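Submitted below is the structure of interest, expressed as structure tokens.
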Amino acid sequence: VLTVIAGIRAVVVAVSAVLVATGVPLAPLLILVVLDAVVSSLYRPAQSAMLPSLARTPKELAASAAGLSTVKTLSQAVGAIAGGFLLVVTTPTTVFAGAAALFLAAGAVTVRFARGSRPVVAGRPSGQTGGELRGTLRVVRHPHVVGILVVSGLRTFVRGMWIAMAVIASFRLLHAGSAGVGLLMLAAGVGALAAIPVSASLINRPRLGTPAAVALIACGIPLGLIASGPTLIVALALVVVWG
């Protein structure tokens, strides 16, 4: 599944590179962005489903889940800087082509994963899909799981808004242009890197609701201060705190 997703995204981004090179209007590119978002949404669940079979202890499983989130944040920051640099010294077509090559490389890595041994089941029981769906709904309705889903949804919602606001703030408030967007992403990655010891200390914590709520609330403080119109340097420091 991971290989197929990476392959599809490589094709989508490669097509985007061709369209950019031919100077097409924005609409076709937006359609490809939507397609890429739909396909990429399947990657994280598939990746997370592998963790229980790879982890040897519950602590390793918790650490891996936390590590994936941190790596994602750092990778987005590094990717933003790399993309911004390439955009300055090359062309948008080259940036798209480079991203497509990276997806192909990811597919080449995952295709080497060996299929694990699975218990042999004689035949497929009728109604198995319905049973799995009912089991999933029972888990989702659990009070603790509902809280996790709400917090996770809010976090994603806030992060999605922040990415849009970072672009607007860089151009309209900080007057830093497209390079400022990359710097803000890098600052967020630096903050995530600095927070690794704090994240690691939460692995053995029995209750995570309080730190999750505090983190969500605290995310708004740096953004509010940035809205007061600071300089780029001050904004970068505040985004480190946000990260």
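Evaluate the following for ALA80: is it assigned to a helix (DSSP H, G or I) and in contact (Cβ under 8 Å) with a residue 40 or more places away in the chain?
It is true that ALA80 is assigned to a helix (DSSP H, G or I) and in contact (Cβ under 8 Å) with a residue 40 or more places away in the chain.
Would you confirm, using the coordinates I've provided, whether ALA46 is open to solvent by less than 40 Å² (accessible area, probe 1.4 Å) and not acidic (Asp, Glu)?
yes
Let me ask something else. Taking the range 185-220 as the region of interest, how many residues are among the aliphatic types (A, V, I, L, M) and in contact with a Leu (Cβ under 7 Å, 6 or more places away or on another chain)?
Residues that pass the stated criteria total 6.
I've got another one for you. Which residue out of VAL234, VAL241 is modelled with pLDDT of 85 or more, open to solvent by 90 Å² or more (accessible area, probe 1.4 Å) and assigned to a helix (DSSP H, G or I)? Can you show your working first?
Values: VAL234 fails: open to solvent by 90 Å² or more (accessible area, probe 1.4 Å).
Sole residue among the options that is modelled with pLDDT of 85 or more, open to solvent by 90 Å² or more (accessible area, probe 1.4 Å) and assigned to a helix (DSSP H, G or I): VAL241.
Tally time: how many residues in the range 145-165 are without any contact (Cβ under 8 Å) to a residue 24 or more places away in the chain and not charged (D, E, K, R)?
13
Another question, then. Which numbered condition in (1) over 23 Å from ALA192 (Cβ atoms); (2) surrounded by 14 or more Cβ atoms within 10 Å (Cβ to Cβ); (3) not aromatic (Phe, Trp, Tyr) is the only one that GLY79 fails?
It fails just one condition, (1).
Now a separate question. Of the residues that make up the range 26-35, is at least one at pLDDT 85 or above, open to solvent by less than 80 Å² (accessible area, probe 1.4 Å), in a loop (DSSP other than H, G, I, E, B) and over 21 Å from GLY107 (Cα atoms)?
Within the range 26-35 (the criterion being at pLDDT 85 or above, open to solvent by less than 80 Å² (accessible area, probe 1.4 Å), in a loop (DSSP other than H, G, I, E, B) and over 21 Å from GLY107 (Cα atoms)), the answer is no, since none of the residues qualifies.
Also, I was wondering about something else. Looking at (1) outside any helix (DSSP H, G or I); (2) farther than 16 Å from PRO92 by Cα; (3) among the aliphatic types (A, V, I, L, M), find the lone condition where ILE8 falls short.
Unmet condition: (1).
Any residue at all in the range 161-175 that is under 28 Å from THR57 (Cβ atoms), touching a helix residue (DSSP H, G or I) at 6+ places or on another chain (Cβ under 9 Å) and open to solvent by less than 70 Å² (accessible area, probe 1.4 Å)?
Checked the range 161-175: no residue is under 28 Å from THR57 (Cβ atoms), touching a helix residue (DSSP H, G or I) at 6+ places or on another chain (Cβ under 9 Å) and open to solvent by less than 70 Å² (accessible area, probe 1.4 Å).
With surrounded by 15 or more Cβ atoms within 10 Å (Cβ to Cβ), among the aliphatic types (A, V, I, L, M) and farther than 25 Å from LEU104 by Cβ as the only criterion, which of ALA10, ALA55, ALA17 stands out?
None of the other options fit; the residue is ALA55.
Now, a different point. Please work out which one of (1) open to solvent by 30 Å² or more (accessible area, probe 1.4 Å); (2) part of a helix (DSSP H, G or I) is the condition ILE203 fails and give its number.
Evaluating ILE203 over (1) open to solvent by 30 Å² or more (accessible area, probe 1.4 Å); (2) part of a helix (DSSP H, G or I) leaves (2) as the failure.
The values are calculated or read from the model by the stated rules, or taken from the named source; none is laboratory data. Here the structure is a predicted model, which is why all the values come from computation and not from measurement. Glycine also receives a Cβ, built like all others from the backbone with ideal geometry; neighbour counts cover every protein chain displayed. Remember, those area values only see protein heavy atoms, side chains included, never the ligands or the DNA or RNA. Shrake-Rupley method; radii C 1.70, N 1.55, O 1.52, S 1.80 Å.
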